[in-house]
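Worksheet: one structure, shown below.
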Amino acid sequence: MALKQVSSNKCFEGFQKVFEHDSAELKCKMKFGIYLPPKAETGKCPVLYWLSGLTCTEQNFITKAAFQQAAAEHGLIVVAPDTSPRGCNIEGEDESWDFGTGAGFYVDATEDPWKTNYRMYSYIKDELPKLINANFPTDPERMSIFGHSMGGHGALILALKNPGKYKSVSAFAPICNPIQCQWGKKALGGYLGPDASKWEAYDATQLVKSYSGSRLDILIDQGKDDQFLSAGQLLPDNFIAACTERKIPVIFRLQQGYDHSYFFIASFINDHIKHHAKYLNA
């Protein structure tokens with residue numbers, strides 16, 4: 001599959017690049033950011049996938065999170081895809097910020113008119129890793145995933161639905177229980193239809209209740225002053241309770257004074273890179 005380089009910038013002796021490709025899964029052109037650490041010039045490196053939140057593109061994380069220095073030090077390739085298909089000419093795709101463009105929710109849609117293009121779950125799980133492994137010096141056996149908000153939801157469900165695929169998972173302010181919050185009800189209802197029982201397959205709190213795979217150490221950072229926490233969109237307590245019940249180890253850190261922004265992410269990103277490096281470089 002042909003990759004077209006959009007940009008390349010030297011960064012901490014490695015390179016922050018952006019590529020574009022035609023996605024078979026999403027039936028449109030897609031971009032992703034990829035950080036190649038200096039170690040990638042001489043050997044294969046593990047890959048850490050970052051999933052961004054509502055309204056984001058591949059740019060938000062690579063320009064605002066300040067992760068590159070830690071990734072360079074730990075020898076991690078970091079891939080940051082877009083959050084939805086783009087320019088599919090679907091009626092209504094640009095009408096709201098929390099559904100359609102920039103809001104793929106990391107599900108495979110089953111409803112018209114979304115089901116042809118809105119297949120972000122399969123894109124992240126299958127198509128993108130195959131593309132990355134075919135074109136970059138990766139070790140396909142060493143892969144982890146993390147994300148923010150809607151992307152935190154995506155990271156958690158991908159890890160929980162595919163035991164053993166990812167060595168580790170972490171999240172910043174994830175949408176933990178989408179079947180119970182307004183963002184989730186809107187997105188899952190729109191992409192998957194009115195039958196709420198079908199939504200449970202993409203809800204981390206529900207998935208934890210039946211998880212029986214390999215050990216998964218989960219790290220979650222949540223800003224205490226996050227406006228979406230107080231608005232009931234994130235619901236981490238429900239997820240923590242489900243993990244506790246199933247004896248699934250989760251480190252949950254409520255960070256005093258922090259909000260939902262990339263200032264919060266940049267403040268704790270090094271901890272997350274270190275968390276993943278522990279498993280990826282083991």
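Summary table below
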item	result
Cα centroid separation, the stretch 247-271 to the stretch 80-113 (Å)	27 Å
Phe15 long-range amide H proximity, modeled H, under 5 Å	Leu36
Neighbourhood charge, 10 Å Cβ-Cβ cut-off, centred on His74 and excluding it, Lys, Arg +1 and Asp, Glu -1	+2
Whole-Hz ³J(HN,Hα) from phi, Karplus 6.51 cos²θ - 1.76 cosθ + 1.60, for the stretch 258-269, glycine and proline x	8, 9, 9, 8, 6, 5, 5, 4, 4, 5, 10, 4
In the stretch 50-143, chymotrypsin sites (Phe, Trp or Tyr not before Pro) in a DSSP loop with at most 14 other beta-carbon atoms within 10 Å	Trp97
Loop-located trypsin sites (Lys or Arg not before Pro) in the stretch 11-75 whose Cβ has at most 15 other Cβ within 10 Å (DSSP)	Lys27
Reported label for calculated Rg and Dmax of the Cα atoms in Å given [x] 19.1, 59; [y] 17.5, 51; [z] 18.6, 55	[y]
Residues of the stretch 4-281: accessible area per residue with a 1.4 Å probe, Å²	40 Å²
Summed residue charge, Cβ within 13 Å of Asp98's Cβ, Lys/Arg positive, Asp/Glu negative	-1
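The values are calculated or read from the model by the stated rules, or taken from the named source; none is laboratory data. Keep in mind it's a predicted model, so treat the numbers as computed, not measured. When we count neighbours, we look across all protein chains shown, and the Cβ atoms used for this are built from the backbone with ideal geometry, even at glycine. Side chains are part of the model used for accessible areas, which takes the heavy atoms of the whole protein and leaves out ligands, DNA and RNA. Shrake-Rupley method; radii C 1.70, N 1.55, O 1.52, S 1.80 Å.
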